[in-house]
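The values are calculated or read from the model by the stated rules, or taken from the named source; none is laboratory data. Since the model is a prediction, treat every value here as computed from it, not as a measurement. Ideal geometry is used to build each Cβ from the backbone, glycine not excepted, and the neighbour counts take in all protein chains shown. Quick note on the areas: whole protein, heavy atoms, side chains included, nothing else; ligands and nucleic acids left out. Shrake-Rupley method; radii C 1.70, N 1.55, O 1.52, S 1.80 Å.
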Amino acid sequence: MVDKGKIRQAVTLLLEGIGEDCSREGLLETPDRIARMYEEIFEGMDRSPKEALGKTFEAAGNGMVLEKDIVFYSICEHHLLPFYGKAHVAYLPQGRVAGLSKLARTVEIYARRPQIQERMTAQIADALMEHLKPKGAMVVLEAEHMCMTMRGVRKPGTQTVTTAVRGEFMEKPRLQEEFWRMLGR
């Protein structure tokens with residue numbers, strides 16, 4: 001649960017700390033706007049992937065299910081700056097499948113937390129394994145980090161790619177090859 005009062009106080013202190021006048025017209029409502037925004041962008045804090053992956057459907061096929069190009073936005077826990085990109089999520093069903101929107105919802109649950117990309121990638125794969133009980137899962141995230149674009153090294157356009165491989169995807173390299181082919185790479 002987001003404490004909007006504490007966020008408003010923190011934003012006021014931050015603005016004062018950088019030398020701003022919090023009573024000027026353009027900043028009067030900023031602490032409240034930021035508090036409402038943080039409530040929205042961190043809504044994954046109170047959610048479980050079980051919400052998204054808890055309901056499955058019987059399916060006879062055993063081929064790979066891949067949902068690619070799932071756009072996500074998250075906040076780097078180190079600098080509280082955004083990172084954003086695309087997630088590619090695959091699993092090998094074992095008699096049951098999730099609704100397609102549920103894969104995107106799972107990505108959103110983990111993206112809407114203070115996060116690091118490496119952990120988020122693993123969390124999505126682990127959630128698939130736990131809740132769908134597939135034969136395997138593979139998750140790839142490709143993202144640009146504003147902490148590298150706006151500050152520090154200042155290299156816009158740089159993509160960070162992380163992978164998490166579970167089950168048969170680890171045991172059978174041909175499945176990883178099929179995954180990359182399906183992505184068009």
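Some points to look at:
- Inter-probe distance in nm under a simple model that places probes 7 Å from Cα toward Cβ, at Phe57 and Lys4: 3.8
- Surface composition of the stretch 1-120: carbon plus sulfur atoms contribute 53% of the solvent-accessible area (1.4 Å probe, protein chains only, all chains present).
- FRET efficiency, Gln159 to Thr12 (Cβ-Cβ, R0 45 Å, nearest 0.05): 0.80
- Heavy-atom accessible area ranking, 1.4 Å probe, most first, across Met150, Met64: Met150, Met64
- Proximal lysines to Lys86, defined as alpha-carbon separation beneath 23 angstrom and excluding residues fewer than eight positions away on the same chain: Lys50, Lys68, Lys102, Lys155
- Computed on protein heavy atoms with a 1.4 Å probe, the accessible areas place His78, His88, His131 in the order His78, His131, His88, largest first.
- Global geometry of the stretch 115-185, whether rounded, prolate or oblate, following the gyration tensor of its Cα atoms and the 1.5 cut on a/c: oblate
- Part-to-part distance (alpha-carbon centres) for the stretch 127-181 and the stretch 30-105, which is given in Å: 13
- Global geometry of the stretch 76-151, whether rounded, prolate or oblate, following the gyration tensor of its Cα atoms and the 1.5 cut on a/c: prolate
- Between Arg33 and Asp126, the FRET efficiency estimated from the beta carbon spacing at R0 = 35 angstrom works out to 0.50.
- FRET efficiency estimate (nearest 0.05) - Cβ-Cβ, Val71 to Arg185, R0 25 angstrom: 0.90
- In the chain, the DSSP-assigned H stretches of four residues or longer account for a calculated mean residue ellipticity at 222 nm of -12000 deg cm²/dmol, using -39500 (n - 2.57) per stretch and the full residue count as denominator.
- Over all other residues within a Cβ to Cβ distance under 13 Å of Gln9, the charged ones net out to 0, with Lys and Arg as +1 and Asp and Glu as -1.
- Applying the Karplus relation 6.51 cos²θ - 1.76 cosθ + 1.60 with θ = phi - 60° to the stretch 134-150 yields 3J(HN,Hα) values of x, 6, x, 8, 9, 10, 10, 10, 10, 8, 9, 10, 5, 5, 9, 8, 8 Hz, where x marks Gly and Pro.
- Accessible area per residue in Å² at 1.4 Å probe, computed on the chain: 56
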